[in-house]
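As structure tokens, the structure follows; a few thoughts come after it.
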Amino acid sequence: MRYPVDNKKITSPYGMRTLPGRKPVFHYGIDFTGKNKTAIAPCDMTVDRILDVDSEYPCRFKLVRGKFEIDNTVPLGRAWTPYVIAHSSDNPDVTFVFKHIAPLKGLSVGDIILEGGKVGTIGNYGFSMGEHLHFEVMINNKHTDPAKWLIENVNKV
Ligand SMILES: [Zn+2]
């Protein structure tokens, strides 16, 4: 088991959070810094679902004088958030969600990505204010804190 990125800096933790100008909502994952370019498989995993980047409207937000604002020129329902969802090949109870990434080209449902293999390219895609990887871990379809889960499982013998 390994981290899904090389730079482990977390820019937004798991739990309740309030983004500028929005209502508090539960953040079901952790956000890793956009200094990372590649999302990496934490273990051998089998791809369950893929959603590609909206090629015409890649992002819901735009930078205005150094601040991210909703881009009202993007139609409703567009600039969807792309993702890859996969489960551990050794333990199907464990599911990983990678959001705001451009899935690896040619990736298909049912593919196995080996530990350390590329899942996609980290970008500013979908409902996103800056490049980052949003990473979720689900155990039997229930979310758990990925930061805690990684600490407990990486380097476990
Ligand atoms: Zn996030």
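The values are calculated or read from the model by the stated rules, or taken from the named source; none is laboratory data. Remember, it's a predicted structure, so these values are computed and weren't measured experimentally. Counting neighbours? That spans all protein chains shown, and the Cβs are built from the backbone with ideal geometry, glycine included.
For segment 68-97, the set of residues classified as within 25 Å of W149 (Cβ to Cβ) and touching a Pro at 6+ places or on another chain (Cβ under 7 Å) consists of P82, V84, F96, listed by residue number. Quick check: is even one residue across segment 35-49 within 16 Å of the ligand (Cβ to nearest atom), of a type outside the set (A, V, I, L, M) and at pLDDT 95 or above? So far as segment 35-49 goes, yes, one or more of its residues are within 16 Å of the ligand (Cβ to nearest atom), of a type outside the set (A, V, I, L, M) and at pLDDT 95 or above. With respect to T81, determine if the residue is in contact with a Gly (Cβ under 6 Å, 6 or more places away or on another chain) and at negative phi. Here the answer is yes, as T81 does meet what is asked.
Restrict the check to segment 51-73 and report whether at least one residue is at pLDDT 95 or above, of a type in the set (S, T, Y) and in a strand (DSSP E or B). No, that holds for no residue. Of all residues in segment 14-34, those that are within 11 Å of the ligand (Cβ to nearest atom) and surrounded by 16 or more Cβ atoms within 10 Å (Cβ to Cβ) total 7.
V47: part of a loop (DSSP other than H, G, I, E, B) and either β-branched (V, I, T) or without any contact (Cβ under 8 Å) to a residue 40 or more places away in the chain (or both), yes or no? Criteria not met by V47.
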